[in-house]
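Heads up, the thing below is written out as structure tokens.
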Amino acid sequence: MATGWAGDGAVQDQIDATVKDAIERARSQLRSGPGLTRCEECDAPIPEARRVAVPGVRLCVDCQAQQDEDRAATGYNRRGSKDSQLR
């Protein structure tokens, strides 16, 4: 394919760089550190295994599941047809 002055792999290199930047940005937003010993929502104890597995954890499993469920219920139909998204 004729791309002017760009090398053969220039487009793929740009895509790879964009993906790498997105991954680094996402990782920089992750919490770190020991986390809390008690849930900041319901004050339930957070097990040591969870604190080790999820650095910077602030919620117990139940509260985290509820928060994830609330975020998932945004009303945006990702699997539906285009018409269903326009309603």
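Bear in mind these aren't lab numbers, they're just calculated from the coordinates by the rules spelled out. What you see is a predicted model, and the numbers here were worked out from it, not measured in a lab. Because the Cβ atoms are built from the backbone with ideal geometry, glycine has one as well, and the counts that use them run over all protein chains shown.
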Next on the checklist: I need to check one value: relative contact order of region 29-71, counting alpha carbon pairs closer than 8 Å and at least 6 residues apart, in percent.
Outcome noted: 40
Item to check | By average C-beta atoms within 10 angstrom, highest first, the peptides 24-36, 43-55 | outcome: 43-55, 24-36
Item to check | Additional length obtainable on full extension of the chain from Asp13 to Arg27, 0.36 nm per residue less Cα span | outcome: 2.9 nm
Checklist entry - Counting every Cα pair in region 29-71, what percent are over 13 Å apart? => result 48
